[in-house]
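Engineer: The structure follows.
The values are calculated or read from the model by the stated rules, or taken from the named source; none is laboratory data. Fair warning: this is a prediction, and the values are worked out from it, not measured in the lab. Cβ: placed from backbone, ideal geometry, glycine included. Neighbour counts: every protein chain shown. Just the protein is used for accessible areas: all its heavy atoms, side chains included, with ligands, DNA and RNA removed. Shrake-Rupley method; radii C 1.70, N 1.55, O 1.52, S 1.80 Å.
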Amino acid sequence: MNMIADEKQLQEIDSAVQVMFGSLRERTLTLMQKPFSVDTKTSQNDLVTTVDKANEQFIREQLIKIDPHSRIIGEEESYGHQIAPSLVGHIWIIDPIDGTMNFVRQRNHFAIMLALYIDGQATLGYILDVMNDDMYHCWRHHGAFVNRQQLSAPVELPLSQGLVDINRYLLLSNVHNLQDVARQAAGLRMYGSAGIELIHVFTGQLSAYISRLKPWDLAAGRVFAEELGLDVKTIDGRQLSVLSSNTVLVATKQASQEIGWLLK
């Protein structure tokens with residue numbers, strides 16, 4: 001398939017996915033108003049609900065229609081199973097409710113995320129801030145948007161003037177000297193949802209976000225980070241893998257450089 005045909009196909013896919021997200025938001029809000037079950041996975045803080053599972057099933061059903069020859073990796077169906085290592089072709093990665101604890105306890109501050117990787121390249125990304133009804137979408141080399149407004153690269157600030165978000169466990173354990181990073185920053189924030197935290201980096205509300213992320217936590221955000229010229233990398237010098245967990249830094253160039261000086 002030639003480049004023009006590829007671009008036409010991606011345009012059709014992107015349009016169909018955005019329509020799907022409109023339905024998905026309404027479905028999620030409806031399910032929130034009804035009784036739903038909550039279970040634990042790895043710990044009492046690692047939750048899954050029947051809404052997570054219903055959302056993932058709905059997304060899978062729609063993607064099969066939208067992009068029938070693709071492969072799909074979803075958080076809930078992939079939990080406890082080895083993810084196939086191949087990145088050949090179209091690979092969709094789903095996070096049906098990102099920030100499930102927030103969803104359960106607050107009914108706020110959670111997102112739905114979806115990404116398309118083509119032969120390993122981050123190509124399309126979607127992050128829906130459900131309660132604010134803001135749809136963030138990005139197409140590699142075509143721009144990043146919130147609803148229909150294009151996003152610009154965040155303003156570069158010194159670490160002393162920027163806010164940072166650091167995963168609670170990493171901070172309390174002082175992994176890689178992250179407590180010093182928090183002290184050097186203008187302030188520390190924690191939101192409990194990778195999608196919401198990544199949005200805050202993209203929009204300049206945070207200068208940096210550091211967390212241990214699974215494939216579905218980072219897949220969509222990586223598309224935006226690369227498009228907006230942000231650093232997205234591991235903090236331990238390992239190669240960033242699409243299909244495994246990584247301790248990741250997403251930050252402006254200046255914040256990333258200063259944080260690098262402080263890491264041990």
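Each row is one residue, and each column tells you yes or no for (1) modelled with pLDDT under 95; (2) farther than 17 Å from Gly74 by Cβ; (3) surrounded by 19 or more Cβ atoms within 10 Å (Cβ to Cβ).
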{"position": "Leu87", "(1), (2), (3)": "yes, no, no"}
{"position": "Leu114", "(1), (2), (3)": "no, no, yes"}
{"position": "Ile118", "(1), (2), (3)": "no, yes, no"}
{"position": "Asn132", "(1), (2), (3)": "no, yes, no"}
{"position": "Gly143", "(1), (2), (3)": "no, yes, no"}
{"position": "Val155", "(1), (2), (3)": "no, yes, no"}
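Engineer: For Glu197, which of the numbered conditions (1) in contact (Cβ under 8 Å) with a residue 24 or more places away in the chain; (2) open to solvent by 40 Å² or more (accessible area, probe 1.4 Å) fails to hold?
Structural biologist: Failing condition for Glu197: (2).
Engineer: Further question: Which of the residues belonging to segment 252-264 are out of contact with any Pro (no Cβ under 9 Å at 6 or more places or on another chain) and open to solvent by less than 30 Å² (accessible area, probe 1.4 Å)?
Structural biologist: The initial filter retains those residues of segment 252-264 that are out of contact with any Pro (no Cβ under 9 Å at 6 or more places or on another chain), namely 253, 256-257, 259-264.
Residues satisfying the conditions are Ser256, Ile259.
Engineer: Here is a further query. What are the residue pairs meeting all of these: first residue in segment 15-42, first residue of a type in the set (Asp, Glu), second residue surrounded by 11 or more Cβ atoms within 10 Å (Cβ to Cβ), Cβ atoms under 9 Å, and 6 or more apart or on different chains?
Structural biologist: Asp39/Leu47; Asp39/Val48; Asp39/Thr49; Asp39/Thr50
Engineer: Separate question: Hey, does segment 44-59 have a residue that's farther than 20 Å from Tyr126 by Cα, open to solvent by 40 Å² or more (accessible area, probe 1.4 Å) and in a helix (DSSP H, G or I)? Outline the logic, then answer.
Structural biologist: Residues of segment 44-59 that are farther than 20 Å from Tyr126 by Cα, as a first pass: 44-50.
This time we only want the ones that are open to solvent by 40 Å² or more (accessible area, probe 1.4 Å), so: 44-45, 50.
Narrowing further to those that are in a helix (DSSP H, G or I): 50.
Yes, segment 44-59 has at least one match.
Engineer: Evaluate the following for Asp67: is it of a type in the set (Asp, Glu) and within 25 Å of Lys34 (Cα to Cα)?
Structural biologist: Values: of a type in the set (Asp, Glu): yes; within 25 Å of Lys34 (Cα to Cα): no.
No, not satisfied.
Engineer: In segment 102-122, which residue that is among the β-branched types (Val, Ile, Thr) and in a strand (DSSP E or B) is nearest to Ser241 (Cα to Cα)? Walk me through it before giving the result.
Structural biologist: Here is the first cut: in segment 102-122, the residues among the β-branched types (Val, Ile, Thr) are 104, 112, 118.
Retained after the next criterion (residues that are in a strand (DSSP E or B)): 112, 118.
Values: Ile112: 21, Ile118: 14 Å.
Only one residue fits best here, namely Ile118.
Engineer: A further question on this structure: When only residues in segment 10-43 that are open to solvent by 40 Å² or more (accessible area, probe 1.4 Å) and hydroxyl-bearing (Ser, Thr, Tyr) count, which is nearest to Leu128 (Cα to Cα)?
Structural biologist: Within segment 10-43, the match that is nearest to Leu128 (Cα to Cα) is Ser23.
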